[in-house]
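Notes to accompany the following structure.
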Amino acid sequence: MPQVICKLPHASTCISGVKFESKGVHMLSEEISDEQAAHFLSITGYEAYEEVDQEIVRLSARATELGIEVDKRWKAQRLTAEIDKALAAAKVPVKTEAVGDPAATGKTE
């Protein structure tokens with residue numbers, strides 16, 4: 001049975017009696033009949049689930065987890081760059097030497 005992706009902003013978890021769940025910035029429907037799918041696909045903002053790039057969905061979800069405000073127009077390359085930038089910014093430099101600790105610096109008195 002088909003599923004559809006809703007790309008409309010602020011979409012509900014129940015649309016026209018069909019349950020949807022969040023998948024990053026998009027909402028994925030439960031399995032629906034061909035007739036229901038045809039109805040949704042006639043509306044701008046809905047796509048067949050098979051037509052959606054699964055990598056984009058995965059990367060969008062990861063970016064959202066990291067607090068990145070995802071633009072729905074971003075492709076995989078931009079999403080990856082934004083994720084990498086957020087991860088790099090979150091890293092705290094690790095001190096390799098303890099201040100005043102002769103064992104850490106290799107110096108003895």
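Rule-based calculations on the coordinates, nothing more; no lab input. The shown structure was predicted, so the numbers you read here are calculated from the model rather than taken from an experiment. With ideal geometry, Cβ positions are generated from the backbone for all residues, glycine too; neighbour counts draw on all protein chains shown.
For this structure, a couple of remarks:
- Full extension of the chain segment joining SER33 with ALA76 gains 12.4 nm, where the gain is 0.36 nm per residue of separation less the Cα-Cα distance.
- Peptide packing: for 28-39, 8-19, the average count of neighbouring Cβ atoms within 10 Å per residue gives the ranking 28-39, 8-19, highest mean first.
- Taking amide H atoms as placed 1.01 Å from N in the peptide plane, the amide H of ILE15 lies under 5 Å from those of PHE20, each 5 or more residues away in sequence or on another chain.
- For ARG58 and HIS10, the difference between the fully extended length at 0.36 nm per residue and the C-alpha to C-alpha distance is 15.4 nm.
- In plain terms, the chain from ALA48 to LEU66 could stretch by 3.8 nm, reckoned as 0.36 nm per residue minus the Cα-Cα distance.
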